[in-house]
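For reference, the structure is listed below as structure tokens.
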Amino acid sequence: MSVLVLAQHDNRTLDKATLHTVAAAARLPGPIHVLVAGHDCGAVAEAAAALEGVAEVLRVEHPAYADPLAEDLAALLVSMAADYDHLLAPATTFGKNVMPRVAALLDVAQVSDVVEILGPDTFKRYIYAGNALATVRSRDARRVLTVRTTAFPPAGSGAGRAEIATVAAVEPTGLSTFLGREVAKRERPELTSARIVVSGGRGLGSGENFKLLEELADVLGAAVGASRAAVDAGFVPNDYQVGQTGKIVAPELYVAVGISGAIQHLAGMKDSKVIVAINKDEEAPIFQIADYGIVGDLFKIVPELTAELRRARG
Amino acid sequence: MRVLVPVKRVVDYNVKIRVKADQSGVDITGAKMSMNPFDEIATEEAIRLKERGVASEIVAVSMGEAKCQETLRTALAMGADRAILVETSAELQPLAVAKLLKAIVAREQPGLVLMGKQAIDDDSNQTAQMLAGLLGWPQATFASRIEIADGAATVAREVDEGIETIRVRLPAVVSVDLRLNEPRYASLPNIMKAKKKPLDVLTPETLGVDPAPRLEYLRVEEPPKRKAGVKVGSVQELVAKLKSEAGVI
Ligand SMILES: Cc1cc2nc3c(=O)[nH]c(=O)nc-3n(C[C@H](O)[C@H](O)[C@H](O)COP(=O)(O)OP(=O)(O)OC[C@H]3O[C@@H](n4cnc5c(N)ncnc54)[C@H](O)[C@@H]3O)c2cc1C
């Protein structure tokens, strides 16, 4: 029996989340197959075939998979499921959208956001906004998992030489129609894979003031994130949100600016290697988990920090 | 159009839960319980659809112990028309909830099921997608805007890359995200009125669903704790420490 990984991609490049998912799949018994469903997605199939640990790539072409809908991808996965003990996808909005539908159609439970694989049927995952770590055992014959990408190092790429097989598409259901996607173009690294993240909260006071953080991010080569309060207030778009119900990040360095440190925010960043907090309230809970804290006005400290880093760089 | 809104009773988001010493689970005795915040957003959206004349009736559904009636009364006080409790002491996991909801959908024939994207206790983010799959209905998850016209819903979805827009034929299952709306508070007169609104009690047996859990919780642990760090007096000191001590820049 084998493991099937659903690849996340945009028809041109394989998303890094898939590399982490393949690494998780390597902890399970059996060869790893990667499903690349897309339109004109040959380059993605090649990239998947070069991943370390991948035994076979299944490429499925259909115009409907250019911007795939959960209904269609789920039908495709279900049609292939009989050959697999485990079906995996990253716990991104892409994977979270598709996999529970697959699990229900297979009449099995899904284990969401897996952070550790203890055996073929036993997994660890966080509950209660990261305040408890549960070990769960699946009693089902087939296991559907989504994988927390920050919990598994990425599979090496370039070493593998997997076969690429072509598989027939399943006729689209026609239940839904993709209308469009607004993707902000950003020069900075992507939030979930950045080595350094600088995040702002309500303390920033406005979207305009996020410029201060962007300047800091630029000297650090960092991605910019935010708390829910900053997103709700319209300072920055929704895809900046770090936390229990936003993105999970675990960079080498996380700088929290004007963020109080609510448990819902901590759930998304407390696995960062080093945490820095800048907050004018010395009682702010963020200081309880920060490695380095500066108490003071961010409008003074952030520009100073940016200047100091520039100076240090020379 | 009838709108079905499932609501879950959970430990309030402000409560810091404790893990039981014997690792058998989470100690929630005496903890403040509330409606799952995402379900409040779903309830609010259903009410707004009714206020705009798009929805004709809102049915709130909850599952679990008799105490879930409180959560249903909250939904009724916000503006739902009637409520259904599927009463059981069984541990309910997402697949079982989806099956129970499917059985309720068969009885109620809603045109739309509006529900939270995630419950803040088990953080699974599964039930809406599972229900849509079991029903063979379209799904629109993580909604931040919903427009209904001509037998379809146009839904803006919060995805990792930004915002994606899809159109789903009705009937459909839509799961809601944080930015969809800001839920109202129930007024005192409405809380009083809610006490008289109809609340039916069913059981998994009457619905013909086996709710047995598929996942066994072997152990629940305290997560690894971070050591408290130090406060530094200046940005110079911070940069020096990040360089030499932490080695991250
Ligand atoms: C269902 C649900 C899901 C949630 N999901 C998330 C999530 O995924 N992510 C998330 O982040 N939150 C989430 N939250 C919200 C969370 O509970 C907090 O409300 C939120 O994280 C607070 O954001 P904040 O720290 O920016 O704002 P606040 O708590 O208001 O903190 C602002 C901080 O800025 C500081 N400050 C203000 N001015 C200055 C200044 N000039 N200089 C320095 N410091 C200053 C203040 O001292 C304060 O500590 C969720 C809540 C719920 C109910």
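The values are calculated or read from the model by the stated rules, or taken from the named source; none is laboratory data. Quick caveat, the model's predicted, so the values are computed rather than measured. Here Cβ is always computed from backbone atoms with ideal geometry, including for glycine, and neighbour counts include all displayed protein chains. We work out accessible area using only protein heavy atoms, side chains counted, and drop any ligands, DNA or RNA first. Shrake-Rupley method; radii C 1.70, N 1.55, O 1.52, S 1.80 Å.
Here are a few things to note about the model shown:
- Burial order of peptide ranges B:135-145, B:221-231 (average beta-carbon count within 10 Å, highest first): B:135-145, B:221-231
- Of all DSSP-defined beta bridges confined to the protein assembly as shown, some 35% are antiparallel rather than parallel.
- For the range B:107-232, the alpha carbon positions stretch 59, 40, 40 Å along the principal axes, listed from largest to smallest.
- Exposure check, 1.4 Å probe, all protein chains in place: B:Met130 carries approximately 0 Å² of accessible surface.
- Chain A, relative contact order in percent, only Cα pairs under 8 angstrom and at least six apart counted: 14
- Rg of the Cα atoms in the range B:28-91, relative to 2.2 N^0.38 Å, amounts to 1.19.
- Comparing Cα centroids, the range B:159-184 and the range A:143-190 end up 21 angstrom apart.
- Reported value for the protein assembly as shown: 152 Å³ per residue, from the convex hull of its C-alpha atoms.
- For the range A:69-223, the Cβ-based charge dipole about the Cα centre amounts to some 400 debye (Lys, Arg positive; Asp, Glu negative; other atoms uncharged).
- Once both labels are positioned 7 Å from their Cα atoms along Cα-to-Cβ, the gap between B:Ser187 and A:Thr13 label points is 5.4 nm.
- Interatomic Cα distance distribution for the range A:164-314, bins of 10 angstrom, percent: 11, 40, 28, 10, 7, 4, 0
- Sum of -39500 (n - 2.57) over DSSP H runs of 4+, divided by residues of chain A (222 nm, nearest 500): -7000 deg cm²/dmol
- Positive-pole candidate from B:Ser234, B:Ala149, B:Leu180, dipole of chain B, charges at beta carbon: B:Ser234
- Shape call, chain A: gyration tensor on alpha carbons, a/c limit 1.5: prolate
- Anisotropy class of the range A:2-65 from Cα gyration tensor, a/c 1.5 cut: prolate
- Accessible-area value, B:Asp123, 1.4 Å probe, nucleic acids and ligands omitted, Å²: 20
- R0 of 45 Å, Cβ-Cβ distance B:Glu65-A:Ala184: FRET efficiency to nearest 0.05: 0.50
- In sequence order, calculated HN-Hα J values of the range A:288-295 (Karplus, 6.51, -1.76, 1.60; Hz; x Gly/Pro): 5, 10, 7, 6, 9, x, 10, 8
- Three-way shape label, the range A:148-245, alpha-carbon gyration tensor, a/c 1.5: oblate
- Between B:Met115, B:Gly136, B:Val97, the Cα set farthest toward the positive side of the dipole of the range B:69-159 (charges on each charged residue's Cβ, about the Cα centre) is that of B:Gly136.
- Under a 5 Å amide H cut-off, with hydrogens placed 1.01 Å from N, A:Ala91 pairs with A:Val147, A:Arg148, A:Thr149 among residues at least 5 apart or on other chains.
- Percentage relative contact order, chain B, counting C-alpha pairs under 8 Å, at least six apart: 24
- Counted residue by residue at 0.36 nm each, then reduced by the alpha carbon distance between them, the extension gain from A:Thr122 to A:Lys300 reaches 59.1 nm.
- Percent antiparallel among DSSP beta bridges (both partners in chain B, rounded to 5): 45
- Take each residue in A:173-184, count the other chain C-beta atoms within 10 Å of its C-beta, and the mean is 6.
- Accessible-area rank, largest first, for A:His39, A:His62: A:His39, A:His62, with all protein chains present and a 1.4 angstrom probe.
- √(5λ) per eigenvalue of the Cα gyration tensor, the range A:72-192, largest first, Å: 24, 22, 18
- Taking the range A:216-299 and dividing mean pair separation by its residue count, relative contact order in percent (alpha carbons under 8 Å, at least six apart): 22
- Where both bridge residues fall in chain A, DSSP classifies roughly 20% of the beta bridges as antiparallel.
- Whole-Hz ³J(HN,Hα) from phi, Karplus 6.51 cos²θ - 1.76 cosθ + 1.60, for the range B:146-154, glycine and proline x: 10, 10, 10, 7, 6, x, 9, 10, 9
- Convex hull volume per residue in cubic angstrom - Cα atoms of the range B:45-146: 107
- GluC sites (Glu not before Pro) within the range A:237-314: DSSP coil, no more than 11 neighbouring Cβ in 10 Å: A:Glu282, A:Glu283
- Dimensionless Rg ratio for the range A:196-250, taking C-alpha atoms and the 2.2 N^0.38 Å reference: 1.02
- A:Val5 long-range amide H proximity, modeled H, under 5 Å: A:His33, A:Val34, A:Leu35, A:Leu88
- Reachable lysines from A:Lys96, criterion Cα separation under 18 angstrom, eight or more residues apart if same chain: A:Lys16, A:Lys124, A:Lys247, B:Lys117
- Ellipticity estimate at 222 nm from DSSP helix runs (n ≥ 4, -39,500 (n - 2.57)) divided over chain B, nearest 500: -8000 deg cm²/dmol
- Taking all protein chains together and rolling a 1.4 Å probe, A:Lys270 ends up with roughly 50 Å² accessible.
- Under 5 Å, built H, 5+ apart or other chain: amide partners of B:Ala55: B:Lys50
- Placing +1 on the Cβ of every Lys and Arg and -1 on the Cβ of every Asp and Glu, with nothing else charged, gives chain A a dipole about its Cα centre of roughly 540 debye.
- Ratio Rg/Rh [Cα only; Rh per Kirkwood] for chain B: 1.06
- Positive dipole terminus of the protein assembly as shown, leading residue within A:Leu133, A:Ala229, A:Leu35 (C-beta point charges): A:Ala229
- Computed about the Cα centre, the dipole magnitude for the range B:66-200 is approximately 680 debye when only Lys and Arg (+1) and Asp and Glu (-1) carry charge, each at its Cβ.
- In the range B:87-164, Rg over Rh equals 0.99, where Rg is the alpha-carbon radius of gyration and Rh the Kirkwood radius from pairwise Cα distances.
- In sequence order, calculated HN-Hα J values of the range A:116-131 (Karplus, 6.51, -1.76, 1.60; Hz; x Gly/Pro): 8, 10, 9, x, x, 10, 10, 9, 10, 8, 7, 10, 6, 6, x, 8
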